[in-house]
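Q: Let me begin by handing over the structure; questions about it come next.
The values are calculated or read from the model by the stated rules, or taken from the named source; none is laboratory data. Everything numeric here is computed off the predicted structure, so don't read it as measured data. Cβ: placed from backbone, ideal geometry, glycine included. Neighbour counts: every protein chain shown.
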Amino acid sequence: MIHRKFPIAKKRRGNRAAKRLRRGGTMVESAIVLSVVALLLLGMLELSLALVRSEVMAEAARRAARAAIVRGENAPNALGTWGPAELEVLGGDDHPVADAIAPILMTIDPDLVTIRIEWPDGGNAVDDRVEATVTCQHQSVVPLISNYVSIPLRGKSVMRVAH
């Protein structure tokens, strides 16, 4: 019986050492897996924010075009007329077209947004086209990516002058 106790004691000591080694291996594996998961989550966050900002650019272009189509040559004096000269303003400027898109620029600094309105038909009469283009640069919010990635975002809308 005494002879059997020693192998069991050795086995227990071996189990402790094996458990320590397994704990170390588990920590290394966890660090690798958690790093990959964190990178994937940050990438998904970045892609989601870029998509939201892209949709904001499209909606801003529609709103800018709507603001322009009601300011044709037959517009009421209270609104004033725009065009046919090209109009370019920043989203943070004090201008009616900047005011029209300001409520939807929730994820973008308005001073980084450029609004360009053109009249491709050369006039601002009823049924002439108005083309609104809204652009900005998407800057990454993830620190590792922000130094390398700047995505140009653009929204464009073409409508006809209403009055």
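Q: For segment 1-13, check the following and say yes or no: at least one residue is surrounded by 10 or more Cβ atoms within 10 Å (Cβ to Cβ), assigned to a loop (DSSP other than H, G, I, E, B) and either modelled with pLDDT under 90 or not charged (D, E, K, R) (or both).
A: Looking for residues that are surrounded by 10 or more Cβ atoms within 10 Å (Cβ to Cβ), assigned to a loop (DSSP other than H, G, I, E, B) and either modelled with pLDDT under 90 or not charged (D, E, K, R) (or both), one finds none in segment 1-13, hence no.
Q: Now, a different point. Does at least one position in segment 130-146 carry a residue that is among the small types (G, A, S), under 20 Å from P96 (Cβ atoms) and not in a strand (DSSP E or B)?
A: no
Q: Give all pairs with beta carbons closer than 6 Å in which a residue from segment 21-44 that is part of a helix (DSSP H, G or I) meets a residue that is surrounded by 10 or more Cβ atoms within 10 Å (Cβ to Cβ); count only pairs at least 6 apart in sequence or on separate chains.
A: L42/V142
Q: Can you run down the residue pairs with Cβ atoms below 6 Å, 6 or more apart or on separate chains, where the first is in segment 135-163 and on the phi < 0 side of the Ramachandran plot and of a type in the set (S, T, N, Q) and the partner is surrounded by 13 or more Cβ atoms within 10 Å (Cβ to Cβ) and modelled with pLDDT of 95 or more?
A: Once the first residue is on the phi < 0 side of the Ramachandran plot and of a type in the set (S, T, N, Q) and sits in segment 135-163, its partners that are surrounded by 13 or more Cβ atoms within 10 Å (Cβ to Cβ) and modelled with pLDDT of 95 or more give T135/T114; T135/R154; S157/A61; S157/R62; S157/A65; S157/A132.
Q: For A65, work out the one condition from (1) without any contact (Cβ under 8 Å) to a residue 24 or more places away in the chain; (2) outside any loop (DSSP other than H, G, I, E, B) it doesn't fulfil.
A: Among (1) without any contact (Cβ under 8 Å) to a residue 24 or more places away in the chain; (2) outside any loop (DSSP other than H, G, I, E, B), A65 violates only (1).
Q: Just wondering, is there one or more residues in segment 106-113 that are surrounded by 13 or more Cβ atoms within 10 Å (Cβ to Cβ), at pLDDT 95 or above, in a loop (DSSP other than H, G, I, E, B) and not charged (D, E, K, R)?
A: yes
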